[in-house]
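Please read the structure below before turning to the comments.
Every number here is computed from the coordinates shown, using simple stated rules; none is lab data. Bear in mind that the values here come from a model prediction, so they are computed numbers and not experimental data. As a convention, Cβ positions derive from the backbone with ideal geometry for all residues, glycine included, and neighbour counts pool all protein chains shown.
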Amino acid sequence: MSPPRKSRVKNGRVARPASLALSDVRLLRGMIDNILRLAKAAGAEAAEVHVDEVLDDLSRFANNAIHQNVSEHGFTVTIRTVAEGRTARVTTNRLDENSLRSAVHSALSLAASQPADPQLLALPGKQKYRKVERFAKSTATITPADRAQAIRRACDLAVKKGQVAAGIFATGQLQTAMGNSRGLFAAYRETHAEFSITMLEGPAASWAKANAANVRNFDTQALARQASEKSHLAVNAKELAPGRYTVILEPAAALDLVGFLFYDFAATALADKRSCLNDRLGKQIFGPSISILDDAYHPLQLGAPYDGEGMPRQRVLLVDRGVPQNLVYSRRAAKAAKKNPTGHGFMLPNEYGEAPMNLVFSGGNDSLEKMIATTERGLLVTRVWYIREVDPYEKIMTGMTRDGLFLVEQGRVTSAVRNFRFNQSLLEALKNVEMLGPAVRASGEEAFEMVVPAMKISDFHFSEATKF
Amino acid sequence: MWDLATHCLDVAGWRGATYADVRLMHMRQRDLTTKNGKIGTLAQTESIGLGVRVLASEAWGFASTDRLTREGVAACAAKAVSIAKASALAKRRDVVMVDEIAFIDSWQSPFQKDPFEIPLESQLALLLAADAEMRRVKGVTLTETDMQFRKIDSWFASSIGSRIHQRKVISGCGIVATAFQGEEIQKRSYPNSFGGQHALGGYELVESLELLKHAPIIAEEVVALHSAAQCPQKSGTLILGGSQLGLQIHESVGHPIELDRVLGEEANFAGTSFLTLEKLNHLRYGSDIVNVVADARIAHGPGLGSFAYDDEGVPAQCTDVIRDGQFRGYLSNRETAHLIGLARSSGTMRTESWNRLPIIRMTNVSLLPGSWDFDALIADTDDGILMETNRSWSIDDRRYQFQFSTEVAWEIRGGKKVRMLKNPSYGGITTEFWNSCDAICSAEHWTLWGTPNCGKGQPMQTMGTGHGASPSRFRNVQIGAAFSEQ
């Protein structure tokens, strides 16, 4: 990481940095203070300001070469004003004084256009936050040439193996800060790195992916080798009849399925009667090995330790040994339910309330190898794809397997299998869990990253096969 | 704006770019929602910035910035060139594009009423009134409404001399009633699910939809769904309503014809395509009555895929995709057109924003109307199921095997709609499905539907696409598999 530039806030005007390192947080604080002053001068009783700064780079490769290579740097300011029981939000990236003043007036004008809301809460005051360290210098200083060289090596492996590689290598930095007119101030910065690779061998394909704050926490070439080896194993896939199978879901496959459960734990979703947990709280609906925590402080998690209103995120035990026990609450949902806010609210105003964004599933001690060794007949699933909710209450999900589906017979992988479509209730699947691996930071394409284990599940329902 | 764009191009050239194009974009958006009679979201967003794509060392680089000063855009251009040079470290071939000529033009999408000039109070009043109409129906447990308006100005400049300004005004709105009862959640939406109808146009779109008239209808239907019979599992005749058919076109025609997918450029994320190059002009995609075009021209209609020029400076075109059932054409850009030997790009490079690289996207991929009257089509169907309004959609990563479910269905017996069915779904293999089409309704029943939420690319970009469709009939379709219990 380059040394942080000194803050340059003069008379409330912002001088933005010319180099591509995140700004000093004092610059963001100065921006917030300035906008709060503008809001007060414009007649807002109260105001809340968010400033986000992103610095993202992504190198994309296909056909064994980089074909897209992009870089982005930008600021965004979001202003929420409150006056006479009315609130509205305006977002802009125009940071000159006149534009910010105009944004404040727009927020007030938007807010004034609606009926007063007697349930609108006053802004929260100062809060205390637990410190999290999610900024890695090694990620912040990586260059396009570094990414290109790693990609070149992965592509050279593909060429050597007679395969074709495609994927991304992305690195980035994010800084966000918020403050309000009651003195609340919160700030957070992180780095993020991601490597994803698909190796194609004729019609066969396989895939590997990792995501972390620190780029050194994964090995791009090991991921390339893993995808390459599995792609070779996926050649000559045979067609099986659809039906119910025991499945061994690798962590990415498990994540992209269970990731669809997160909004069901929002108190607002239950109040709106659109959660699968309506009438099911306190009941044994999952297997006893399933416990789920929302924990923003888990070492494998990323994200700010506060929510869209600046409330500190709490650790919440959502499911205890198969029984959904607790929900997450925004301030408004908490007041309605006579509970304490848990620090999971979205930026206001919004109609969705809140959601747990840092899910951590309890893991087990069973390795993937042990799951395979103990399976008489089943399917090993690398990845699932295009998952959509078919039935919101029974939580029936449909989707496809992708990039490596393998038949397991008598304790070992015996062949590759053509991809299946599944139509499977998540509630039933989590009731049928037989074994769990250690929980890891999993990365898929359908759900945001969570900490989940590999899962062995019985009677998983595949309804149709595709042509490859 | 042109000064900054030109300066950016100049700096890119001085730094070693052999080609560069710049998109300077100013985007404004208003989002209004209500839930259960109260305001949900009330927000406005504005974003302005510049993105530059360069070819240096025969490889691509792209950078973007919101620092709209000469210094800021110069730094952005320099960064794009340095990125391109890094790309060259991992290239297998030189980038070559088909020729294109320079255009100097200005274009604005047609609209009658600027939605940003309509008083917010009246927009919110309409949403709250529609919300109230739905809540009047006993058994409805959740009501939601939304409006979204966008105004996008883009200034495109390229090193071959193009200078194109385009302004688009986009409007959309929809309403949803949900009912939870027993162990089931049912939902009905109007005029379409997942945000309603969206089109290139002004507030006249909202007014034309008659939300207050339709609010009680969908509210009654969602309650009725709880006592409706379950959609059977069988192989049979399926009639799709226009909006559902629009999504069917999107997923099983629109995506597989994207040439970047066909050539493997999306293999890691969005997937590839079953439409490999040898199938062009040889594959029987559908039955003889199936004709599909990708038409970005405003003459096709005010769709989310309508424009005058794409984000590579290529004029809007109409491409035959399926003619009389035969597969005829891909969506291409200047680079992929060269790779497969086409003389010109089909003009489908589009970007979500100034900070995103243009990629091949659908324009308006539409099924051309047939000759059937809708009532005659129902009367001609002895035993079938009519499905309307999408509830879920899923298709494999090569776009063969799909499954859709809809909010509601109607059983057809002896040429009449006889009863409502709940939890409808159908699935199949793309080419088998389109070859089973035996009736398409006429232009009178044809609507250019807007899909505002198509995701593609990394970083992810969301794009609006258009899909013209009229209700159509398909034979021997697998129905009801989503709820099968085998």
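Structure notes:
- The reciprocal of the average 1/r between distinct C-alpha atoms defines the Kirkwood hydrodynamic radius, which for segment A:84-196 equals 19.0 Å.
- Over segment A:251-374: Kirkwood hydrodynamic radius from C-alpha pairwise inverse distances, Å: 15.2
- Of A:Met357, B:Met25, the sequence from fewest to most neighbouring Cβ atoms within 10 angstrom is A:Met357, B:Met25.
- Where only C-alpha atoms are counted, convex hull volume of segment B:11-109 per residue in Å³: 180
- Entries in A:Lys338/A:Lys431; A:Lys431/B:Lys422; A:Lys395/B:Lys213; A:Lys161/B:Lys79; B:Lys138/B:Lys213 that, when Cα-Cα distance is taken, lie over 28 Å: A:Lys338/A:Lys431; A:Lys395/B:Lys213; A:Lys161/B:Lys79
- Computed P(r) (all Cα pairs; chain B; 10 Å bins; percent): 4, 19, 28, 25, 16, 7, 1, 0
- Prolate/oblate/rounded call for the protein assembly as shown, Cα gyration tensor, a/c under 1.5 rounded: rounded
- Of all lysines in the structure, the ones whose alpha carbon falls short of 21 Å from that of A:Lys126, not counting any fewer than 8 places away in one chain, are A:Lys40, A:Lys335, A:Lys339.
- Per-selection Kirkwood Rh - segment A:422-468 (Cα, Å, 1 d.p.): 12.4
- Segment B:178-208 and segment B:435-471: distance between their alpha carbon centers, rounded to Å: 16
- With neighbour counts taken as other beta-carbon atoms within 10 Å, the residues B:Ser154, B:Ser484 rank, fewest first, as B:Ser484, B:Ser154.
- Extension gain for A:Leu317 to A:Arg26 (0.36 nm times residue separation, less C-alpha to C-alpha distance): 101.2 nm.
- Förster-model FRET efficiency, 22 Å R0, A:Lys370 and A:Arg216, C-beta, rounded to 0.05: 0.15
- Between the Cα long axis of helix A:220-233 and the first principal axis of chain A there is an angle of about 40°, rounded to the nearest 10.
- From the largest down, segment B:392-486 spans 51, 42, 25 angstrom on the principal axes of its Cα atoms.
- Segment A:98-206: GluC sites (Glu not before Pro) falling in loop per DSSP and having at most 16 other Cβ within 10 Å: A:Glu133
- Radius 12 Å from Cβ of A:Phe135, net charge of other residues (Lys, Arg +1; Asp, Glu -1): +2
- Shown is the FRET efficiency for A:Gln149 and B:Glu204, computed with R0 = 35 Å from the Cβ-Cβ distance and rounded to the nearest 0.05: 0.05.
- Positive-end residue, the protein assembly as shown charge dipole about Cα centroid, Cβ charges, pick of A:Phe75, B:Phe149, A:Ser425: A:Phe75
- The residues neighbouring A:Pro288, those whose beta-carbon lies less than 14 Å from its own, together hold a net charge of +1 under the Lys/Arg +1, Asp/Glu -1 convention.
- Computed [θ] at 222 nm, helices only, for chain B once each DSSP H run of length n ≥ 4 contributes -39500 (n - 2.57): -6000 deg cm²/dmol
- One equal scatterer on each Cα of segment B:322-464, no solvent, Debye formula: the resulting log10 I(q)/I(0) at q = 0.10, 0.14, 0.16 Å⁻¹ is -0.49, -0.91, -1.13.
- Of the GluC sites (Glu not before Pro) in segment A:290-397, those whose Cβ has at most 12 other Cβ within 10 Å and which sit in DSSP loop: A:Glu376
- Estimated 222 nm signal from helices in chain A, with DSSP H stretches of n ≥ 4 weighted -39500 (n - 2.57), rounded to 500: -6500 deg cm²/dmol
- Charged side chains reduced to their Cβ positions (Lys and Arg at +1, Asp and Glu at -1) give the protein assembly as shown a dipole of some 2640 debye around its Cα centre.
- Unit charges on C-beta of K, R, D, E only; dipole of segment A:167-226, Debye: 240
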